[in-house]
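Enquirer: Got a structure here, written out as structure tokens. Questions coming.
The values are calculated or read from the model by the stated rules, or taken from the named source; none is laboratory data. For clarity, every value in this text was computed on a predicted model and none was experimentally measured. Glycine gets a Cβ as well: all are built from the backbone with ideal geometry, and neighbour counts include every protein chain shown. Accessible surface is based on the protein model in full, side chains and every heavy atom, while ligands, DNA and RNA are left aside. Shrake-Rupley method; radii C 1.70, N 1.55, O 1.52, S 1.80 Å.
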Amino acid sequence: MRAPAFAALALIMATSAAARETAVFLASGAGARALAMGGAYTAVADDLTAVAWNPAGLAGMPARELAFTHEDRPGRDRFEFAGFAAPTRIGTFAVSGRHLSQGGLDGRDSLGRPTGGFSASDSAVELAYGAAPPKGPRLGAAVRYIESRIADDSARGYSVDLGANHRLAPLGPGVARLGLAVRNLGPRMTFLDEPSPLPLTVAAGAAYALPEGLTMALDFRRRPHASSSEAVLGAEWTRALSKDLAGSLRAGADSSRRDLGGLAVLSLGAGLRLGGVDVAFAWLPGGMLGDSFLYSLGTRF
């Protein structure tokens, strides 16, 4: 199976950022709420999905949380995220996992001839911690085990995330927050004797929350191995519908998706919170590649 696996690896590398990074699924984050806001979540993150954006956001969680996300991507690709977080006296601890299945793929030999079907997938398991010191910003860190498979071949690696989140003094009618995160810091992964770097990302974000329930966010991300810089805008408007029910509308724009054409730079979503239960939906237009749809369910207790 090494011939079709090598051909698939070449294809995946050719379509990844700068044809150099591996485990690129780590760069896409997780959660319907965050991705409906375009991924402008470095300063906003305050739920379990902070493990994928900025682990410092875990420190602000008021209760234990269990959450799941399912994403239907173009073709037969499927992405899953699940995790659990628990605040304690010394900070918030979280464990989560991600899995990307690329379904069945057609194998080709070095001459391009069909050799049969095979599968490809990526997985990660992570442990994260966020704490709020008496003075200064909230801090967080995450460690991650990664495994990628193509047919009978696999590669394994690990990465570390570091983050900080700081709430500023009231500014005008609202409250501003700043966030900084370094994600996917780790050694190269070797697949079929081809070492490739992880999607190292340095992200800085700012968010401004108004009393009327409107939050606006801006992220700037740099991926040095991909030689790319990205600007992301996001917004969320939340309104109480009754004592225990609240609804949210979300939108975002991600400059990294502009080459896909059409409405691909945009994202839209909505959510409902009933007591301690959250449900959320997001739509990510994909232009020529096709659209993605995310569904999230979470509960705090």
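Enquirer: Which shape class, rounded, prolate or oblate, goes with region 17-103 when its Cα gyration tensor gives a ≥ b ≥ c as root eigenvalues, a/c under 1.5 marks rounded, and past that a/b bigger than b/c marks prolate? Display every interim value, and only then the final one.
Expert: Values: a/c = 2.13, a/b = 1.78, b/c = 1.20.
Prolate shape, in that a/c is at least 1.5 and a/b is the bigger ratio.
Enquirer: So, one more: How many nm is it between the label spots at Val182 and Ser228, if each spot is 7 Å from the Cα in line with the beta carbon?
Expert: So the label points at Val182 and Ser228 sit 2.2 nm apart.
Enquirer: Considering the chain as a Gaussian network with a 10 Å cut-off on Cα pairs, which listed residue, Asp161, Asp259, Asp278, attains the greatest mean-square fluctuation?
Expert: Result for the chain, Cα springs under 10 Å: Asp259 fluctuates most.
Enquirer: From the Cα gyration tensor of region 148-198, with a ≥ b ≥ c the square roots of its eigenvalues, which class applies: rounded if a/c is under 1.5, or else prolate if a/b is larger than b/c, or else oblate? Kindly include the intermediate steps, with their values, before the conclusion.
Expert: Numbers: a/c = 5.89, a/b = 4.08, b/c = 1.44.
It comes out prolate by the Cα gyration axes.
Enquirer: Mind giving me the FRET efficiency for His166 and Ile90? R0 is 22 Å, r the Cβ-Cβ distance, nearest 0.05 is fine.
Expert: Details: r = 20 Å, r/R0 = 0.90.
Efficiency, from the Cβ-Cβ distance: 0.65.
Enquirer: Here is a further query. Of the heavy-atom accessible surface of region 239-301 (probe 1.4 angstrom), what whole percent is carbon and sulfur? Could the numbers behind the result be given before it?
Expert: Numbers: 2420 of 3610 Å².
So the carbon and sulfur contribution to the accessible surface is 67 percent.
Enquirer: Can you tell me the equivalent ellipsoid semi-axes for region 194-277? Use √(5λ) from the Cα gyration tensor, largest first, whole Å. Before the final figure, lay out each step's value.
Expert: On the way: eigenvalues 203, 40, 36 Å².
They are 32, 14, 13 Å, listed from largest to smallest.
Enquirer: Continuing with this model, one more query. Just to confirm a number: summing +1 for Lys and Arg and -1 for Asp and Glu over residues other than Leu178 whose beta-carbon lies under 13 angstrom from that of Leu178, what do you get?
Expert: +2
Enquirer: Based on Cα coordinates alone, diagonalise the gyration tensor for region 175-230, multiply each eigenvalue by 5, take square roots, and list the semi-axes in whole Å, largest first. Before the final figure, lay out each step's value.
Expert: On the way: eigenvalues 230, 18, 13 Å².
Working from the Cα gyration tensor, I get semi-axes of 34, 10, 8 Å.
Enquirer: Explain nothing, just compute: Karplus ³J(HN,Hα) = 6.51 cos²θ - 1.76 cosθ + 1.60, θ = phi - 60°, for every residue of region 215-222 in order, whole Hz, x for Gly and Pro.
Expert: 10, 10, 9, 9, 10, 10, 10, 10
Enquirer: Please list Trp237, Trp53 from largest to smallest accessible area, probe radius 1.4 Å, with all protein chains kept in place.
Expert: Details: Trp237 110, Trp53 5 Å².
Descending accessible area places them as Trp237, Trp53.
Enquirer: For the chain, report the accessible area per residue in Å² (1.4 Å probe, heavy atoms, rounded to an integer). Intermediate values should be presented prior to the final figure.
Expert: Details: 14130 Å² over 301 residues.
Each residue of the chain exposes 47 Å² on average to a 1.4 Å probe.
Enquirer: From the C-alpha coordinates alone, can you work out the Kirkwood hydrodynamic radius of region 150-301, in Å?
Expert: On the way: mean 1/r = 0.0549 Å⁻¹.
Kirkwood radius, region 150-301: 18.2 Å.
Enquirer: Sort Ser248, Ser119 by accessible area with a 1.4 Å probe, largest first. Don't skip to the answer; put the middle values down first.
Expert: On the way: Ser248 15, Ser119 70 Å².
The most accessible residue leads, giving Ser119, Ser248.
Enquirer: Using θ = phi - 60° and the Karplus curve 6.51 cos²θ - 1.76 cosθ + 1.60, what whole-Hz ³J(HN,Hα) does each residue of region 67-72 get, with Gly and Pro shown as x?
Expert: Using θ = phi - 60°, the values come out as 9, 9, 9, 10, 10, 8 Hz.
Enquirer: Report the residue, chosen from Ala169, Ala155, Ala56, that carries the largest GNM mean-square fluctuation when the chain is represented by alpha-carbon nodes joined by springs under 10 Å.
Expert: For the chain, modelled as a Gaussian network with Cα springs under 10 Å, the answer is Ala169.
Enquirer: All other residues with a Cβ under 13 Å from the Cβ of Arg156 taken together, and with Lys, Arg as +1 and Asp, Glu as -1, what is their net charge?
Expert: Around Arg156, the surrounding residues sum to 0.
Enquirer: Between beta-carbons, use under 10 Å as the cut-off and find the net charge around Leu58, counting Lys and Arg +1, Asp and Glu -1. It would help to have the intermediate numbers written out before the result.
Expert: Numbers: positive: Arg138; negative: Asp46, Asp47, Glu65.
Around Leu58, the charge tally is -2.
Enquirer: Gaussian network model of the chain, Cα springs within a sub-10 Å range: biggest mean-square fluctuation belongs to which of Gly136, Gly157, Gly269?
Expert: Answer for the Gaussian network model of the chain: Gly136.
Enquirer: Quick check on region 247-295: take the gyration tensor over C-alpha atoms, sort the square-rooted eigenvalues as a ≥ b ≥ c, and tell me if it's rounded (a/c under 1.5), prolate or oblate. Spell out each step's value before the answer.
Expert: Working: a/c = 4.18, a/b = 2.57, b/c = 1.63.
In terms of gyration-tensor shape, prolate.
Enquirer: So, R0 is 25 Å and r is the distance between the beta-carbons of Arg258 and Arg78; what FRET efficiency does that work out to, to 0.05?
Expert: 0.50
Enquirer: Shifting gears a bit: To test your reading of the geometry: what angle, between 0 and 90 degrees and rounded to tens, separates the Cα axis of helix 2-15 from the longest principal axis of the chain?
Expert: 40 degrees
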